[in-house]
Amino acid sequence: MADYSPTQIVDMILILGECHNNFAAASRLYAVRFPDRRHPSDMTIKTLTERAREGHLVRQRRHHDYEDNDVRTLTILAAVHLDPHISTRQIERETGIPQSTVSRILRYLNYHAYHITLTQALQPRHILARINFCQWALQTIQSDPYFFRYLLFSDEAKFYSDGQLNRHNCHYWSHENPYWFRAVDHQNRWSLMIWCGIVNGYLIGPYFFDQNVDRHSYLALIRDHLPGLLENVDLAMRQRMWLQQDGAAPYFARIVQDFLNNRYDGRWIGRGGPIQWPASSPNLTSPDFFLWGYVKNVVFAQRPTSREDMMERIRTACAAIPRETLLRTVDSFERRVRMCLQANGENFEQFIRG
């Protein structure tokens, strides 16, 4: 866990009080209020708060004889200055200083290994569209703070049989190396195309396409199947609901636009719609920045054996997501809109977690 100054810890405690001891809400509010600081998780705030209540405002560090003129300190500082991407293991190979010592000295000097954030490539026209949309979104929120809870954020994703597992989350604890592996069969892979939506903390779907998504299959989804998928959403919500979709070609088809104009009467966001959705903006829609990554990690924890097996895993993973979690993704939309404007329409994901 990172070290935080007494001032930062006090700020966390004050914000926690504002949030009525809701650690997750405090984590979000702290990130909004102090965008230039390192952002603690809800568990970090909980740990620091408990430590402060026990009379330890900051963690006591073990004493090490590291001085500014220590040759090891100077050598390590020179290495990271010349190459900020260098690893502690590489420093050990090049200098002979043990990796554990390198790590301790870097922590002692308050250095942190920040990870790269992969973002969507943006063109100038995308940036202008993002600014225009975010300005409209903030104006709408000022008129109705809960407007975007009534917006059905939607998206589709393709799941391949060979999976896209986040190996960082996979562990095999053992006294000996078990040489754990998984064979990847790219030659005989198959895929599923699914659609999901999120509105007011409710997960709508998943819906599985029987074929490739084109204007006809997508129209069939929103015209014939979406009303059934929304059956657990109360009538008042459905009558007021807006629909958001991105700029994929099937969504831009004339027959789809005509249906949306007739069915939603101006209450939809997308390419060619009453409100234009900005291209290359997955960081603004909850299925993209949260849902697909989460579901794929669950589904591919073990390799699916068949299409039916994968479909069942997807349904199970979607059904297990608490409404509170989905509601947080909806409520984070305003924060993301503001961060996008602060970045002048550029990518901002790298600032979400310091």
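Could you work out how far helix 23-33 tilts from the main Cα principal axis of the chain, as a 0 to 90 degree angle to the nearest 10?
Between helix and principal axis, roughly 90 degrees.
Ignoring GluC sites (Glu not before Pro) that are buried or in helix or strand per DSSP, and keeping those with at most 16 other beta carbon atoms within 10 Å, what is the longest stretch of the chain between them?
Of all site-free stretches, the longest is 232-345.
With the crude spin-label approximation of a point 7 Å out along Cα→Cβ, what separation in nm comes out for H39 versus D144?
With each label placed 7 Å out from Cα toward Cβ, I get 2.7 nm.
Tell me the label-point distance for the pair A301, N212, using the 7 Å Cα-to-Cβ offset, in nm and rounded to one decimal.
Computed distance between label sites A301 and N212 equals 3.5 nm.
Among the DSSP beta bridges whose two residues both lie in the chain, what percent are antiparallel, rounded to the nearest 5?
70 percent
Want the number for I255 to T95: 0.36 nm per residue separation, take away the alpha-carbon distance, what's left?
Fully extending the segment from I255 to T95 adds 51.0 nm.
Over the chain, with the other protein chains present, what is the accessible area per residue in square angstrom, probe 1.4 angstrom?
Accessible area per residue, the chain: 59 Å².
For H85 and A279 in one chain, what is 0.36 nm times their gap in residues minus the Cα-Cα distance, to one decimal in nm?
Taking 0.36 nm per residue and subtracting the Cα distance, the gain is 66.7 nm.
Can you check what the net charge comes to around A343, using other residues whose Cβ is under 12 Å from the Cβ of A343 (Lys, Arg +1; Asp, Glu -1)?
So the surrounding residues net to +1.
Let me know the charge dipole size of the range 192-322 about its Cα centre in debye, to the nearest 20, where only the beta-carbon of Lys, Arg (+1) and Asp, Glu (-1) is charged.
Dipole magnitude for the range 192-322 comes out near 160 debye.
What's the FRET efficiency of T316 with T75 using the Cβ-Cβ distance as r and R₀ = 51 Å, to the nearest 0.05?
Efficiency for this residue pair is about 0.45.
Identify the chymotrypsin sites (Phe, Trp or Tyr not before Pro) of the range 181-290 meeting these criteria: DSSP loop state and at most 14 other C-beta atoms within 10 Å of the C-beta.
Listed in order of number, the matching sites are F181, W190.
Counting only protein heavy atoms and a 1.4 Å probe, tell me what percentage of the range 213-354's accessible area is made up of carbon and sulfur.
49 percent
Simple spin-label model, 7 Å along Cα-to-Cβ: R323 to L128 in nm?
The two pseudo-label positions are separated by 4.3 nm.
Please determine, in degrees from 0 to 90 and to the nearest 10, the orientation of helix 6-18 with respect to the longest principal axis defined by the Cα atoms of the chain, where the helix direction is its Cα long axis.
For 6-18 against the chain, the angle is about 30 degrees.
What size of dipole, in debye to the nearest 20, comes out for the chain about its Cα centre when the only charges are +1 on Lys and Arg C-beta atoms and -1 on Asp and Glu C-beta atoms?
200 debye
How much FRET efficiency would the formula 1/(1 + (r/R0)^6) give for V233 and R335, where r is the Cβ-Cβ distance and R0 is 35 Å, rounded to 0.05?
After rounding, the FRET efficiency stands at 0.90.
The values are calculated or read from the model by the stated rules, or taken from the named source; none is laboratory data. Note that this is a predicted model, so its numbers are computed, not measured. All Cβ positions, even for glycine, are placed from backbone atoms using ideal geometry, and neighbour counts span all protein chains on display. Note: accessible area is taken over every heavy atom of the protein model, side chains too, but ligands, DNA and RNA are not part of it. Shrake-Rupley method; radii C 1.70, N 1.55, O 1.52, S 1.80 Å.
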